[in-house]
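So the structure is just underneath, and the comments pick up after that.
The values are calculated or read from the model by the stated rules, or taken from the named source; none is laboratory data. Owing to the predicted nature of the structure, the values given are computational and were not obtained by experimental measurement. Using ideal geometry, Cβ is built from the backbone for each residue, glycine included, and neighbour counts are taken over all protein chains shown.
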Amino acid sequence: MKIIIVGSEMTPFVKTGGLADVIGALSRELAALGHDVVTFLPLYRAVRDKIAAAPCVSNNIRVPVGGRSVVGAIYELPVAERQRVVFVRQDEMFDRAGLYGEGDRDYADNAARYLFFSKAVAASIPALRFVPDVLHAHDWQAAFVPLWWSRTLAPAWRLRTVFTIHNLAYQGLFPARQFELTNLPPEYFGVKGLEFHGQLNLMKAGLLYSDVLTTVSEHYAEEIQTKEYGCGLEGLLRAHRHKLHGVLNGADYEAWNPRTDRHIAANYDSHSLANKVACKRALLDALGLPVERAWAPLIGMVSRVVEQKGYHLVAEAIPQIVTMGATLAILGAGDPKLERQLQELARRYPTRLAVKFGFDEELAHQMEAGADMFLMPSQFEPCGLNQMYSLRYGTVPIVRATGGLADTVQPYNPGQQTGNGFLFTAFTTEAMLAAVARALETFRQRQHWIRAVQNAMACDFSWRKSALQYLSLYQMP
C-alpha cells in the first residue's frame, strides 16, 4: 500500500510528547512491513539543522488561508527503505522558537498555521508523484486534512481517510471569527459541522470527515463516549461509534530495552535480575538518596507534574507512603504549585524522596531500570507509554484503571501467580494508597515479587502488533 501519515511532530526530528513517538514508530513499522510511507511534518526551526541535506521538491505550494494566498515549499528526506519524510516550509508560520507557543502561551495564529499545513499537505501530493491508498491524520493539528482532501482532491483520487485521536482534551478550539481561515462555505460552521459552543473546533473536521476513527487504546475508545471523558464530544462520538476503533499504541523496544539500553548502569533481562539491583543502586546514588537503603522498595514516577497525572493525590499520600517503608523518585515538570509542594516534601524527607524538575531522557531511562515500581495514578490516560516501558524493565506498575493503563496492566493474583501490576479504580488518595500497600506487601514476599516482575517482562506491546491492526483498518471494505 501507499500510505500518507500527517502529524505535527515525529521522532527523531521534533518532539514535545508521545505523539512524536507514535508517528515515528508507526511510520517505521509500516515501511518495515513492506508498504510505502510518506510522513508530512511542518518544517520548524528546531528541525532545520537535522534535514540540511533534504532537497526542495517544490517551492510553489500555494493555498488559501482566509483572504490570503500563502506560499510554501516542501523538502523530501528519505529515512529508510520505503520510508520518507516531507517537510512543509513556511517561515512566517513555522520559523519560531517553539512548536505551538512560547512561555506557556499558545501562538495566537495557531489556527492559521495548522490550516495552512493541512491544506499544503493536500496540495503537495501531486508534486511527489505519489498516489496514496490511505491518508492517516493525527490529532487536531492535522484533523483538517481529511476534510480538505474531500473538497479538493477526492473526486479525482479515491482513498481511505483515517483520523487518530491521541488526547480528546486538546481539540484545536479557536474563536468563531477564525472560521474564515478554513475557506469553507458558511454551512460548514454549525452543530453538524465545525462549530462547538460558539467556537471553531478543528478536531471535529477529522471526526466528521474521515472514513475511520481510531484512538490509542480500546478502553479509551469506550471512555470517550461517556460524559466523564468525552470533553463535550461524547454525543458525536457515540453517533460515529460504528467507525471508531481502539488501537493500542506500541512501545519502541529499540529505544526502551534493558538488554541494550546504553543509559543504564547494567544491562539485564528476566534471567539476570541481579543487574537490576545494580541499576537501583546507581539511581539512588545519582539522586542523592542513601545507597545503603537499596533493600527498601523504590517507587518511580516520570510524567508531567499536573493534576491529570494524579500528582495532587501523590503529594497528599507521600507521608503515608514513606511510613509504609518506601522511597520515592520523581522526574517531571508542570504546575508550579504542585512543584512547590513536592519540593517542600523533599526537604521534609531528604533520604526518602528525590524530586527532579524538567525532562532528562537519560535519567528517565535510569528511573525505569532502577525503580522497583512505577506509579501512574492518572485521572485519564488515553494510552500511556511509561507503563509499557516499566513492564519491559521489570518495574512493576501501580496504576489507575483508566484508558490504556487498564488495557496493559492486569492485577497480580498471588493465588494463580498471574498479572503484572497493581490497579485501583477510584480517583482518590485512599484508593491509590491501598494499591501501593498491596504492591509493597507483595514486594516483601520474594517469590511472588519475582513472579510479578517476570510476568511484566514477558509482555509484548511492540509496534509491530499495532501496525498490523492499523493495516487491517486501512484495508477494510
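A few remarks follow.
- Residue within segment 301-310 that is hydroxyl-bearing (Ser, Thr, Tyr), out of contact with any Ser or Thr (no Cβ under 7 Å at 6 or more places or on another chain) and closer than 26 Å to Asp252 by Cβ present: yes
- Contacts under 7 angstrom Cβ, first residue in segment 439-460 being over 16 Å from Val409 (Cα atoms), partner among the aliphatic types (A, V, I, L, M) and not in a helix (DSSP H, G or I), 6 or more apart: Leu440/Met324; Leu440/Ala326
- Comparison of Pro146, Pro126 shows that the only residue that is touching a Ser or Thr at 6+ places or on another chain (Cβ under 8 Å), under 21 Å from Lys2 (Cβ atoms) and part of a helix (DSSP H, G or I) is Pro146.
- Phe427 vs. criteria surrounded by fewer than 24 Cβ atoms within 10 Å (Cβ to Cβ) and outside the structural domain of Glu228 (by TED's automatic domain parsing): yes
- Any hit, segment 293-313, residues being among the acidic types (Asp, Glu) and within 23 Å of the chain's Cα centre (by Cα): yes
- Leu289 being of a type in the set (A, V, I, L, M), assigned to a loop (DSSP other than H, G, I, E, B) and within 22 Å of the chain's Cα centre (by Cα): no
- Looking only at segment 4-22, and only at residues there that are more than 17 Å from Val37 (Cα to Cα) and touching a residue at least 60 places away in the same chain (Cβ under 8 Å), the one that is nearest to the chain's Cα centre (by Cα): Gly18
Every residue, every condition in (1) modelled with pLDDT of 95 or more; (2) assigned to a loop (DSSP other than H, G, I, E, B); (3) in contact with a Gly (Cβ under 7 Å, 6 or more places away or on another chain); (4) not assigned by TED's automatic domain parsing to the domain that holds Asp372, yes or no:
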{"site": "Ile264", "(1), (2), (3), (4)": "yes, yes, no, yes"}
{"site": "Tyr268", "(1), (2), (3), (4)": "yes, yes, no, yes"}
{"site": "Ala296", "(1), (2), (3), (4)": "yes, yes, yes, no"}
{"site": "Ile299", "(1), (2), (3), (4)": "yes, no, no, no"}
{"site": "Ala317", "(1), (2), (3), (4)": "yes, no, no, no"}
{"site": "Ile321", "(1), (2), (3), (4)": "yes, no, no, no"}
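- Identity of the residue in segment 25-54, closer than 21 Å to Asn167 by Cα and either modelled with pLDDT under 95 or of a type in the set (A, V, I, L, M) (or both), that ends up surrounded by the fewest Cβ atoms within 10 Å (Cβ to Cβ): Ala25
- Here the condition is being part of a strand (DSSP E or B) and more than 16 Å from His136 (Cβ to Cβ); of Leu237, Leu200, it holds for Leu200 alone.
- Residues in segment 358-373 that are more than 16 Å from Ala251 (Cα to Cα) and at pLDDT 95 or above: Glu362, Leu363, Gln366, Met367, Gly370, Ala371, Asp372, Met373.
- Helices (runs of 4 or more DSSP H) lying entirely in segment 333-400 (those with 1 or more residues that are closer than 25 Å to Ser217 by Cβ): 361-370, 386-392
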